[in-house]
Amino acid sequence: MENIALIESFSDFKDNKSIDRVTLMSILEEVFRSALKRKYGSDDNFDIIINPDKGDLEIWRNRVVVADGMSEDDNEEIELLEARKIEPDFEIGEDVSEEVKLIDLGRRSILALRQNLISKIHEHDSTNVFKQFKDLEGEIYSAEVHHIRHNAVILLDDEGNEIVLPKTEQIRSDFFRKGDSVRGVIKKVELRGNKPSIVLSRTAPSFLVKLFEQEIPEVFDGLITIEGVARIPGDKAKIAVDSYDDRIDPVGACVGVKGSRIHGIVRELGNENIDVINYTKNEQLFIARALSPAKVTSVKIEKFEEEKNGKKGRVNVLLKPEEVSKAIGRSGVNIRLASQLTGYEIDVQREGLEEEDVELTEFSDEIEAWVIEEFKKIGLDTAKSVLDKDISELVKRTDLEEETIIDVQRILREEFEE
């Protein structure tokens with residue numbers, strides 16, 4: 001009973017609920033064999049008998065009887081005199097099986113064995129958790145706020161698994177307290193050492209997709225398909241939907257009467273403004289729809305031979321002057337999302353542009369692209385539209401330094417002076 005008593009004394013693992021008895025016994029055998037190798041140099045001549053139902057374990061060492069003084073390996077051979085102490089009728093050449101008690105391994109070995117056993121079980125648990133959550137990547141998951149760090153929120157699920165919601169994966173308006181329930185998608189699962197690292201995201205486009213699947217029965221059933229998503233988390237999103245059933249209006253079904261169906265999704269995402277758009281394979285029409293609420297006059301597509309920075313080509317969109325600011329949106333959000341959704345670089349041009357005026361993009365050799373983008377964000381996409389504004393006004397409305405604006409206006413002015 002000594003072996004059983006020692007096993008049962010390992011209270012850290014004997015009541016472990018996340019590991020079945022057979023697996024526990026398999027780990028036990030592995031750990032005991034390691035201990036035997038350290039003690040005797042080899043475990044090849046040892047039998048370990050485990051009864052998973054009773055939790056019983058026996059260790060037997062098998063040796064061959066040799067003449068006295070002829071033993072070359074004390075682990076695999078036993079001299080006749082020693083063998084006859086076990087059983088008086090043993091003869092040379094016979095096999096002797098002798099039970100090894102754990103206590104015979106020594107106190108230090110038992111402590112090391114115990115630590116190794118606990119480590120192996122933790123490793124087994126971590127592997128199981130890793131596999132469980134790896135299968136959940138891209139799926140919605142809920143957990144409770146355990147504690148809050150400056151760069152992340154640490155969550156615990158019902159099983160006590162730790163999940164990290166980094167600051168970069170939080171919506172700008174997110175505010176959590178200890179005990180709050182938080183939803184997001186499992187973005188990434190990795191093994192760091194023997195510990196699984198589980199990252200939750202509320203900013204990933206897939207979170208919006210999964211919320212639609214949860215909240216819109218037709219999406220869940222596959223009657224409505226989601227063809228594309230673009231998000232600026234917590235601010236605005238565009239989602240393209242389609243249906244193979246002509247009787248279903250995909251946009252109407254997703255939005256619901258007076259926005260009843262989409263309201264819960266908007267609230268979950270911190271009042272993120274969601275544009276639901278009818279998808280079409282007609283790219284010109286799709287680009288026009290993606291720029292809503294602006295009404296587009298015409299769309300001209302110029303495709304690249306190969307994708308550049310993830311974009312299929314460039315699009316020149318013609319709009320009436322009053323529609324330009326709608327197409328661009330506040331801080332350029334609308335045109336940025338339309339570009340993400342369609343996969344095209346979008347250039348907006350006013351209808352009736354003066355012949356002597358020049359689009360800002362024509363100055364890309366002299367003016368950096370990000371500077372041009374700053375002007376476009378406030379609806380200024382031609383040379384004269386920038387020249388007509390006071391420097392002080394441009395400083396207030398853009399993130400540009402006064403020196404940069406003065407330099408840009410000088411470059412633009414030189415164009416007309418020539």
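The values are calculated or read from the model by the stated rules, or taken from the named source; none is laboratory data. None of the values given here were measured: they were computed from a predicted structure. Neighbour counts run over all protein chains shown; Cβ positions are idealised from the backbone, glycine included. For the accessible areas, the whole protein counts, side chains as well, though only heavy atoms, and no ligand, DNA or RNA atoms are used. Shrake-Rupley method; radii C 1.70, N 1.55, O 1.52, S 1.80 Å.
Express the relative contact order of the chain as a whole percentage, based on alpha carbon pairs under 8 Å and six or more residues apart in sequence. Present the calculation step by step, with values, prior to reporting the outcome.
Working: 644 pairs, mean separation 31.3, N = 418.
Reported relative contact order: 7 percent.
Remark: the Ile301-Ser331 segment gains 8.4 nm on full extension, using 0.36 nm per residue and subtracting the alpha carbon distance.
Helix 205-215 axis versus longest C-alpha principal axis of the chain: approximately 90°, rounded to the nearest ten.
So which trypsin sites (Lys or Arg not before Pro) in the range 274-317 pass both tests, a DSSP loop state and at most 11 other Cβ atoms within 10 Å of the Cβ? Kindly include the intermediate steps, with their values, before the conclusion.
Values: sites: Lys281, Arg289, Lys295, Lys300, Lys303, Lys308, Lys311, Lys312, Arg314; in loops: Lys281, Lys295.
Qualifying residues, ordered by number: Lys281.
Here the chain carries DSSP beta bridges of which approximately 75% are antiparallel, counting only pairs with both residues inside.
With N counted as the residues of the range 171-237, its alpha-carbon radius of gyration over 2.2 N^0.38 Å works out to 1.35. Glu137 sits among other residues whose Cβ lies under 10 Å from its own Cβ, and their net charge, with Lys and Arg +1 and Asp and Glu -1, is +1. Roughly how many Å is it from the Cα centre of the range 248-262 to that of the range 289-353, as a whole number? The two parts, judged by their Cα centres, are 26 Å apart.
Our summary gives the range 274-337 a relative contact order of 28 percent, counting only alpha carbon pairs under 8 angstrom and 6 or more residues apart.
What size of dipole, in debye to the nearest 20, comes out for the range 343-418 about its Cα centre when the only charges are +1 on Lys and Arg C-beta atoms and -1 on Asp and Glu C-beta atoms? Kindly include the intermediate steps, with their values, before the conclusion.
Values: 9 positive and 27 negative charges, 92 e Å.
The dipole magnitude comes to about 440 debye.
What the Cα atoms of the chain give is an Rg and a Dmax of 35.7, 119 Å.
About the Cα centre of the chain, what is the dipole size in debye to 20, counting +1 per Lys and Arg Cβ and -1 per Asp and Glu Cβ, all else neutral? Don't skip to the end; give the middle numbers.
On the way: 60 positive and 90 negative charges, 396 e Å.
The dipole magnitude comes to about 1900 debye.
As a calculated quantity, the FRET efficiency between Glu402 and Lys134 at R0 = 56 Å, using C-beta atoms, amounts to about 0.60.
Overall size of the range 325-418 from C-alpha positions, given as principal axis extents largest first: 39, 29, 23 Å. Tally up the carbon and sulfur contribution to the accessible surface of the range 193-341 as a whole percent, 1.4 Å probe, everything protein left in place. The nonpolar share, carbon plus sulfur, comes to 47 percent. Pairs of alpha carbons in the range 196-235 separated by more than 16 Å make up 44% of all such pairs. Could you give each residue of the range 366-383 its phi-based ³J(HN,Hα) in whole Hz, using Karplus coefficients 6.51, -1.76, 1.60 with θ = phi - 60°, and x for Gly or Pro? Those phi angles translate into 9, 10, 4, 4, 5, 5, 4, 5, 4, 5, 4, 4, 9, x, 9, 10, 10, 4 Hz.
For the range 240-384, relative contact order (Cα pairs under 8 Å, six or more residues apart, normalised by length) works out to 17 percent. Have a look at the DSSP beta bridges in the range 182-283 and tell me what percent are antiparallel, nearest 5. Looking only at bridges with both residues in the range 182-283, the antiparallel portion is about 70 percent. Paramagnetic label reach from Ser173 (point 7 Å along Cα→Cβ; backbone nitrogen cut-off under 20 Å): within the range 184-213, residues 184-185, 201-212. Think of a 1.4 Å ball rolled over the protein heavy atoms: the range 213-359 then has 53 Å² of accessible area per residue.
Using 0.36 nm times the number of residues separating Lys312 and Asp245, minus their current alpha carbon distance, what extension gain do you get?
Working: separation 67, 0.36 × 67 = 24.12 nm, distance 2.92 nm.
Answer, rounded to one decimal: 21.2 nm.
Suppose the chain between Leu387 and Val64 were pulled fully straight at 0.36 nm per residue; how much longer would it get relative to their current alpha carbon spacing? Don't jump to the answer; show the numbers that get you there.
Numbers: separation 323, 0.36 × 323 = 116.28 nm, distance 10.14 nm.
Between Leu387 and Val64, full extension yields an extra 106.1 nm.
Solvent-accessible surface of protein heavy atoms, probed at 1.4 angstrom with all chains present, puts Glu374, Glu305, Glu401 in the order Glu305, Glu401, Glu374, largest first.
Rg ratio for the range 147-280: its Cα radius of gyration over 2.2 N^0.38 Å, N being its residue count, equals 1.17.
A simple rule links phi to the HN-Hα coupling: the Karplus curve 6.51 cos²θ - 1.76 cosθ + 1.60 with θ = phi - 60°, which for the range 184-199 gives x, 9, 6, 8, 8, 10, 9, 9, 10, x, 9, 10, x, 10, 10, 10 Hz, with x for Gly and Pro. Shape index of the range 115-216: Rg/Rh, with Rg the Cα radius of gyration and Rh the Kirkwood radius from the inverse mean 1/r over Cα pairs, equals 1.01.
Less than 5 angstrom separates the built amide H of Phe304 from those of Gly313, Arg314, all sequence-distant by 5 or more or on a different chain.
Under the rule of -39500 (n - 2.57) per DSSP H run of 4 or more residues, summed and divided by the residues of the chain, what mean residue ellipticity at 222 nm is obtained, to the nearest 500 deg cm²/dmol?
Working: 16 runs with 157 residues, N = 418.
Computed mean residue ellipticity for the chain: -11000 deg cm²/dmol.
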